[in-house]
Amino acid sequence: MSHQVAVHPLVSPWGRFGLYSYFIDSPEPAIVDTGITSSPSEGMAPALEQLGRRIEDVRWILLTHGHIDHLGGAMALWELTGRKAEVVLHRADAHLLRSRQAHVDLYAAVRQQYLDNPDAIAHQTASAQQAISGELEPTMLVEGGETISLGGDVSVSVHSIPGHTAGSVAYVLENDRDVFVGDAVQIHGAANGFPGYEDPTAYRASLEYVRDRLAPNRLFLGHPYRGSDGEPYGIELDAAAARRALDESLEIEQRIHDAANRALSAGLVDTASPYSPFEAVATDVGYTGDPTLEPSPFFTTLHGYRARFEAGR
Ligand SMILES: [Zn+2]
């Protein structure tokens, strides 16, 4: 079938990761997610030139959530548009665009206690300094429920899908039911081989919402997340692949949920394992990846189950 509005992936490299942004070729052009500081000039501008489009004409910067590799390039891209583009972000993640320090604080509040790395705060601070192009107030704060016109008859609806972060959103290109979710659909995770989400209960509800309510015709992901066979799904999924990715994401969440609750009910134990105090969970779900590789989704996710479990007692 033909699509009414062209969508082009724009990839920028960052260490072990490929950072995916999407150009929506609408009357008021939009870019979903921005990579890091270097991405707009080094990745996006040449790619748009090849499409016969100009980065200065971009009018919408649609951020799916507050992580560095999605909003780090926002200030740089905004500058390239002559500060004319609207910068859209969910209210609950806005502090992550306003402040580099917020990323360090998040690390200190959650992951630091598990990773035991004396240089970590200095490293996180340097990384936020380098990868985030500037601190910026979003020009449009959203909460879900909004509809944004991209000119002509092209419109995007905004949907709150918390879990990966509190302020994660889906942008739905209504003309084609193209759904952009950033990192809110993790399957087995990307480079680390483990799905990352801060709030497991919200994550599950959001996956069901995307599958059942948004029912994507095409699903665009923030990274090439892997399936159970270790193979990446790719980043642009048709309706059938989107359904499989969502079902598989729900299945693995259920397995981690069950393993986490068994370990938490038995009582967490500090061990010499790099997965400590969640060694039993890693064994139970057969996770053999390196849990210390930042952004260490293993500890972010298990901390979320732990916080839920402890709050429920
Ligand atoms: Zn993320």
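The values are calculated or read from the model by the stated rules, or taken from the named source; none is laboratory data. Quick caveat, the model's predicted, so the values are computed rather than measured. Virtual Cβ from ideal backbone geometry, glycine too; neighbours counted across all protein chains shown. Heads up: the accessible areas ignore ligands, DNA and RNA and are worked out on the full protein's heavy atoms, side chains in. Shrake-Rupley method; radii C 1.70, N 1.55, O 1.52, S 1.80 Å.
See the values below:
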| quantity | calculated |
| --- | --- |
| Pick from segment 251-272, criterion surrounded by 15 or more Cβ atoms within 10 Å (Cβ to Cβ) and under 27 Å from His70 (Cβ atoms), ranking: farthest from the chain's Cα centre (by Cα) | Ala260 |
| Condition broken by Tyr114, with the remaining ones in (1) within 16 Å of the ligand (Cβ to nearest atom); (2) open to solvent by 10 Å² or more (accessible area, probe 1.4 Å); (3) among the aromatic types (Phe, Trp, Tyr) satisfied | (1) |
| Residues being closer than 27 Å to Val5 by Cβ, open to solvent by less than 10 Å² (accessible area, probe 1.4 Å), at pLDDT 95 or above and away from the ligand (no atom under 12 Å from the Cβ) - total across segment 170-205 | 7 |
| Any hit, segment 206-216, residues being surrounded by fewer than 16 Cβ atoms within 10 Å (Cβ to Cβ), at positive phi and modelled with pLDDT of 95 or more | yes |
| Lone qualifier among Tyr275, Tyr287, Tyr305 - being farther than 20 Å from Ile187 by Cβ, buried (at least 18 other Cβ atoms within 10 Å of the Cβ) and not hydrophobic (A, V, I, L, M, F, W, C) | Tyr275 |
| Wholly enclosed helices (runs of 4 or more DSSP H) of segment 1-104 bearing at least 1 residues open to solvent by less than 10 Å² (accessible area, probe 1.4 Å) and closer than 26 Å to Ile121 by Cβ | 68-71, 74-80, 95-98 |
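Residue by residue, here is whether (1) away from the ligand (no atom under 16 Å from the Cβ); (2) of a type in the set (Gly, Ala, Ser); (3) over 29 Å from Ala120 (Cβ atoms) holds:
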{"site": "Glu248", "(1), (2), (3)": "yes, no, yes"}
{"site": "Ala260", "(1), (2), (3)": "yes, yes, no"}
{"site": "Ser265", "(1), (2), (3)": "yes, yes, yes"}
{"site": "Ala280", "(1), (2), (3)": "yes, yes, no"}
{"site": "Tyr287", "(1), (2), (3)": "yes, no, no"}
{"site": "Glu294", "(1), (2), (3)": "no, no, no"}
{"site": "Tyr305", "(1), (2), (3)": "yes, no, no"}
